[in-house]
Amino acid sequence: MINRPALIPSEARHGTRTPASASGPAILKPMPRKVPAPCQPELIDPEEILTEAPESEESATESSSPTVFHASEEDAGVRLDHYLVARIPDVSRVRVQHLVEQGKVLVNERPSKASFKLRGSEVIEITGTVEAPPLKAFAEDIPLDVVYEDKELAVVNKPAGMVVHASTGSAEDARNRGTLVNALLFRFNKLSEMGGELRPGIVHRLDKDTSGLIVVAKNDVAHRKLVEQFSSRQVHKTYLALVHNWPKAESGTVVDPIGRDPRNRTRMSVAGIDPRTAVSHYKVVERLLTPYGRFALVEVRIETGRTHQIRVHMGSIGHPIVGDTLYGAPQILLPNTLSRERQGTAISSRTEAKKARAHGESAATLSLPRNFLHSAQLNFTHPKSGKAVEFEAGLPEDLHNFLEKLRRVAEPSG
């Protein structure tokens, strides 16, 4: 199902498109070696390079001065850990329990237990922060789809659902397992050390639910040269995405800056806090008119590498990526969507889905448990040979099958 391209030298790096058809998704295919025309590399923002560790989450538990709470009569009978979780935003119960276990939560100036039940008149003081052991990646025997490898680097086709590396805020051991870095350490044993013990070999990354190509460095020399290419915007990445609704034009560019959403810290937004320049180019590959609504398969190239950039930009112009509920896509696709749109009747996917299930029509609904976003092509200069190389990965099975379901019920084009 997935193409396994070989290393393509510069004189054969340009490609052509196989048109989308009912037999399979549109993918990029290499031209014969005789094609010599040069090509301007796509720009990638240096923000995408991992030169610093991600910032840890800030919270009231990380204040430099003690935090004091006064329990009231209404709090009588409430566990200490439950009380604190309800009053400290964005802090998990596990983290609070760690604070208590480390003696950094005092009740009436004395250490307590997480299970302690308040009487309703206590003074509760948080005196410090959680001291978690330093995170370190470790080898795990996890299957990998390695598209290419040599002594300098490897190109991997990452599956959806796999985190590239553990975050600095992940203290629980379970959250550090199953990462791409852990799988790489098992497969290759040795990676570059520029990313530190948490991110060995990692030059750039993909979101957890985004599948596709990612390059990793096996030594520091290769890592440094790859970083330089990202910094000078000489890396070219192409994504395939299925979006809701039809773009008015066959191609377009979104240039809205992206920052943290002030109302939801898990989201990014074009109206976010401290926005930074972001540029995305899209081109329509295929349009589908189905009972579930209008969809477009688009190819997206990015000039910058902001967090969730493609998801934010496509959602901001009214074309959320299928399956991406965080940025406006419906969780369930309903078979009467198109007819309701033609009638000018608004649809509530949640309400309509309940009605469909009540009438035994749930089999007619469609849903995708992850975002329809795939890193399909990666171009850069090999750090050792200096030759331009290109790699491809066709749509993974889950996205291909979902697209085929829509194609089978789509109205004829034209």
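Of note:
- A crude spin-label estimate for the pair residue 93 and residue 109, with each label 7 Å from Cα along the Cβ direction, gives 3.2 nm.
- Taking 0.36 nm per residue of sequence separation and removing the Cα-Cα distance, the residue 338/residue 117 pair yields an extension gain of 74.0 nm.
- Kirkwood-based Rg to Rh ratio, the stretch 67-126, C-alpha trace: 0.91
- Fraction of C-alpha pairs exceeding 15 angstrom in the stretch 175-242: 56 percent, rounded to a whole number.
- Using a simple spin-label model with pseudo-atoms 7 Å out from Cα toward Cβ, residue 146 and residue 220 lie 2.3 nm apart.
- Across the stretch 254-294, the relative contact order, built from alpha-carbon pairs under 8 Å that are at least six residues apart, equals 37 percent.
- Normalised convex hull volume, the stretch 154-275, alpha-carbon set, Å³ per residue: 161
Each value in this text was obtained by applying a stated rule to the coordinates, not by laboratory testing. Quick caveat, the model's predicted, so the values are computed rather than measured. All Cβ positions, even for glycine, are placed from backbone atoms using ideal geometry, and neighbour counts span all protein chains on display.
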